[in-house]
Amino acid sequence: MTPKVATQARMDNPPQLAIFRAMSSDCDILIVGGGLNGPALALALAEVGQRVTVIDALPLKRRKSSGFDGRSYAMALTSTRLLQGIGVWDDLVGDAQPMLDIKVTDGRAGEGPSPFFMHFDHAEIEEGPMGYMVEDRHLRPVLLDALKKHKGIKQLSGETVVSQETDATGVTVTLASGKALRGKLLVGCDGRGSGTATRAGITRTGWDYGQTALVCAVEHERPHHGIAHQFFMPPGPLAILPLTGNRSSIVWSETHDNARQINAMSVEDYLSVLRPRFGSFLGGFSLAGERFTYPLSLSLANSLVAPRIALVGDAAHGVHPIAGQGLNAGVRDVAALAEVLTDALRRGEDIGAAAVLTRYQTWRRFDNTTLALATDTFNRLFSNDNPVLRTLRDVGMGIVGNMPSLRRAFIREAAGLTGDLPRLLKGQKL
Ligand SMILES: Cc1cc2nc3c(=O)[nH]c(=O)nc-3n(C[C@H](O)[C@H](O)[C@H](O)COP(=O)(O)OP(=O)(O)OC[C@H]3O[C@@H](n4cnc5c(N)ncnc54)[C@H](O)[C@@H]3O)c2cc1C
C-alpha cells in the first residue's frame, strides 16, 4: 500500500486507522530497562518474530563492565532452562558453579552453628543440581552481546525514558533526548523504583527492612563442594554461596548502622568482623574483588499491568535477598509474559489488549505476592535473638530436616520446579 492510499484509508475508515497507526510503530514491543530481565525478555520475544527495542539509561560500557564486583546470583535450575531457551546458557555454563547442597543453620557470631540445621541434597531429586551460581560479570555481558547479535532487537543505551502515553492502538515513550518511540506494548523492566509503573499510576506496597546487605566474594583454602550455606544471625542472614574454584559469594545482612561502619573499615578489619560469622569450615579466606552494599527493602507493585503496559522483574517485585529468589522470580515473569504474548499472537490477538495482559497478571500476581510475604516472614522470624522464637525455629528446622517429604518439597522449591511452570522453564520451546 502506498502512503497515499494509507492516508485515504485512515480518513475514510476508522478501523483502518488502527492498522495505519500500528504500521507506523517503531517496533512491536518497547522494553524500558536493559538490566537482567529486560534483555532476557527481549531475546525470548525476538525469537518468536517480535521487533523489540530495549532502552536503558546507562551507557553500554557501564552496563557491560567486566570487572569482578562480587555480585552473583543463585539461579534456580528452571531459570537456567530459560537461559538455555534464549540461547545464552552455553556461553555461561563454563563459568557457572552447580549448587549441589544447601545447608541452613541458626547461629550467633563466634558461637558456631546451632545443632539444629536443615540439609538439602540435590541427590533427593532426579532433575540435577538445584541451580547454578552465576556471576554478574558473566551474565550481563553475555545477555547484552546476544541482544546486539539479534536482528529483531534494537538497543538504545544512555537514553532515559521520561514520559509515556498510551492510546487505543499503541504506546509512545519520550526519551530525555527528545526522541519519541512507538510500540504496541510497553514493558517496564526498570527496577524497583520503576518509573514506568509510577507514570502508569501503579502504586506500590513496601517498607525498609532496617538492614543493608554487605556483598563481596572471598577466596578460601578448602573446597566448598558446591554447598551453599545460609546462617541466620540476629542482625540478619549471612549467605555463603559457592562460586567456581575455591571462591564463595557472600551476602551478609546487618543493621544499617552496623553495615555502614563495617563497610567503612579497612579490608583487614572488614575480614576480622566477617571471620567469626563465617567460621573456619573453609579454612582461611581473603577478599576476591570489590565490596558492595545494598540497602534492603520490600517494594511490591499493586498491579502488574496497566493499559498497554506490563511490569516484569524488580519493577514488579523487589524482595529481600534472604532466599536468593529475586532474579528467579523475574525470570518466571519473563517466561510467563513471553508465553502469554506468543499465544496471543498465534490467536491473532492484539498483544497490548487488556484481556491478554490480564492473563499475565493472573498467572504471576499470586506467586509474586507469596514470595514477598515468605521472604518478609523468614527475615522477621530469623533476624532476631528472641529466645522463644529461637527455640521455635530450631525445633522447626529439626523437624523439616528429618522429614524426607518436607525436605524434598524444599529442594523442589529451591530448584524452581513447583507451581504452574511456563514452557520456557520446563525446557520447552515457546
Ligand atoms: C544483595 C542482593 C543479592 C541478590 N542475590 C540474588 C540471588 O542470589 N538470586 C536471585 O535470583 N536474585 C538475587 N537478587 C535480586 C536481583 O539482583 C534482582 O532481582 C535483579 O537484579 C533485578 O533485575 P531487573 O532487570 O529486574 O532490574 P535492574 O537490574 O534494577 O535493571 C533496571 C534497569 O532499568 C534501567 N532504567 C531505570 N529507569 C529507566 C528509565 N527511565 N529509562 C531507561 N532505563 C531505565 C536501569 O538503568 C537499569 O539498568 C539479589 C539482590 C540483592 C540486592
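Can you tell me which residue is nearest to the chain's Cα centre (by Cα) among those in segment 251-272 that are without any contact (Cβ under 8 Å) to a residue 60 or more places away in the chain, within 22 Å of residue 384 (Cα to Cα) and not in a helix (DSSP H, G or I)?
Within segment 251-272, the subset without any contact (Cβ under 8 Å) to a residue 60 or more places away in the chain is 252, 254-272.
Now narrow it down to the ones that are within 22 Å of residue 384 (Cα to Cα): 252, 254-263.
Going one step further and asking which of them are not in a helix (DSSP H, G or I), we end up with 252, 254-255.
Numbers: 252: 18, 254: 22, 255: 24 Å.
In this case the residue turns out to be 252.
Within segment 183-200, work out how many residues are open to solvent by 30 Å² or more (accessible area, probe 1.4 Å) and either modelled with pLDDT under 95 or within 16 Å of the ligand (Cβ to nearest atom) (or both).
Step one: filter segment 183-200 for residues open to solvent by 30 Å² or more (accessible area, probe 1.4 Å), giving 184, 190, 192-193, 198-200.
Adding the requirement that they be either modelled with pLDDT under 95 or within 16 Å of the ligand (Cβ to nearest atom) (or both) leaves 190, 192-193, 198-200.
The total comes to 6.
Kindly indicate whether any position in segment 231-239 is at positive phi and without any contact (Cβ under 8 Å) to a residue 60 or more places away in the chain. Among the residues of segment 231-239, not one is at positive phi and without any contact (Cβ under 8 Å) to a residue 60 or more places away in the chain, which makes the answer no.
Within segment 300-312, the presence of a residue that is assigned to a helix (DSSP H, G or I) and at pLDDT 95 or above is excluded. Can residue 254 be described as open to solvent by 60 Å² or more (accessible area, probe 1.4 Å) and within 14 Å of the ligand (Cβ to nearest atom)? So residue 254 does not fit the description; no.
When segment 397-417 is examined, which residues are found to be among the polar types (S, T, N, Q) and open to solvent by 80 Å² or more (accessible area, probe 1.4 Å)? Matches in segment 397-417: 402 only.
In segment 225-240, which residues are open to solvent by 20 Å² or more (accessible area, probe 1.4 Å) and part of a loop (DSSP other than H, G, I, E, B)? The answer is 225, 234, 235.
Of everything listed in (1) within 29 Å of residue 131 (Cβ to Cβ); (2) out of contact with any Ser or Thr (no Cβ under 7 Å at 6 or more places or on another chain); (3) open to solvent by less than 40 Å² (accessible area, probe 1.4 Å); (4) not in a strand (DSSP E or B), the single unmet condition for residue 290 is (3). Of a type in the set (Asp, Glu) and touching a Gly at 6+ places or on another chain (Cβ under 9 Å) - does that describe any residue in segment 258-269? There is no residue in segment 258-269 that is of a type in the set (Asp, Glu) and touching a Gly at 6+ places or on another chain (Cβ under 9 Å).
Restricting to segment 40-58, name every residue that is out of contact with any Asp or Glu (no Cβ under 9 Å at 6 or more places or on another chain) and near the ligand (Cβ under 10 Å from one of its atoms). Across segment 40-58, the qualifying residues are 40, 54, 58. Taken over segment 303-319, residues that are more than 9 Å from the ligand (Cβ to nearest atom) and either under 26 Å from residue 255 (Cβ atoms) or open to solvent by 60 Å² or more (accessible area, probe 1.4 Å) (or both) amount to 1. When residue 245 is tested against (1) away from the ligand (no atom under 11 Å from the Cβ); (2) touching a residue at least 60 places away in the same chain (Cβ under 8 Å); (3) on the phi > 0 side of the Ramachandran plot, only condition (2) is not met. Quick test of your reading of the structure: residue 139 fulfils all but one of (1) touching a Lys or Arg at 6+ places or on another chain (Cβ under 7 Å); (2) part of a helix (DSSP H, G or I); (3) buried (at least 17 other Cβ atoms within 10 Å of the Cβ). Name the failing condition by number. Failed condition: (1).
For residue 212, state whether it is touching a residue at least 24 places away in the same chain (Cβ under 8 Å), open to solvent by 30 Å² or more (accessible area, probe 1.4 Å), β-branched (Val, Ile, Thr) and assigned to a strand (DSSP E or B). It is false that residue 212 is touching a residue at least 24 places away in the same chain (Cβ under 8 Å), open to solvent by 30 Å² or more (accessible area, probe 1.4 Å), β-branched (Val, Ile, Thr) and assigned to a strand (DSSP E or B).
Being within 26 Å of residue 133 (Cα to Cα) and touching a helix residue (DSSP H, G or I) at 6+ places or on another chain (Cβ under 9 Å) narrows it down to one of 310, 306, 323, 301, so name that one.
Working: 310 fails: within 26 Å of residue 133 (Cα to Cα); 306 fails: within 26 Å of residue 133 (Cα to Cα); 301 fails: within 26 Å of residue 133 (Cα to Cα).
Just one listed residue meets the conditions, 323.
Against the definition (over 26 Å from the mean Cα position of the chain (by Cα), crowded, with 19+ Cβ neighbours inside 10 Å and not in a loop (DSSP other than H, G, I, E, B)), how does residue 296 come out, yes or no? Spelling it out, it is not the case that residue 296 is over 26 Å from the mean Cα position of the chain (by Cα), crowded, with 19+ Cβ neighbours inside 10 Å and not in a loop (DSSP other than H, G, I, E, B). Looking for something at pLDDT 95 or above and within 12 Å of the ligand (Cβ to nearest atom) - is there at least one such residue anywhere in segment 12-29? No - not one qualifying residue is present in segment 12-29.
Taking residue 260, is it away from the ligand (no atom under 12 Å from the Cβ), at pLDDT 95 or above and on the phi > 0 side of the Ramachandran plot? Outline the logic, then answer.
Details: away from the ligand (no atom under 12 Å from the Cβ): yes; at pLDDT 95 or above: yes; on the phi > 0 side of the Ramachandran plot: no.
Considered against the rule, which asks whether it is away from the ligand (no atom under 12 Å from the Cβ), at pLDDT 95 or above and on the phi > 0 side of the Ramachandran plot, residue 260 comes out as no.
Residues in segment 160-182 that are open to solvent by 40 Å² or more (accessible area, probe 1.4 Å) and not in a strand (DSSP E or B): 7 in all.
The residue list 341, 373 contains one member that is touching a residue at least 24 places away in the same chain (Cβ under 8 Å) and either closer than 19 Å to residue 299 by Cβ or open to solvent by less than 50 Å² (accessible area, probe 1.4 Å) (or both), which is 341.
The values are calculated or read from the model by the stated rules, or taken from the named source; none is laboratory data. Remember, predicted model here, so these are calculated numbers, not experimental data. Don't worry about glycine lacking a Cβ; one is built from the backbone with ideal geometry, like all the others, and counts go over all protein chains shown. When the accessible area is computed, the model is the full protein with side chains, heavy atoms only, and any ligands, DNA or RNA have been set aside. Shrake-Rupley method; radii C 1.70, N 1.55, O 1.52, S 1.80 Å.
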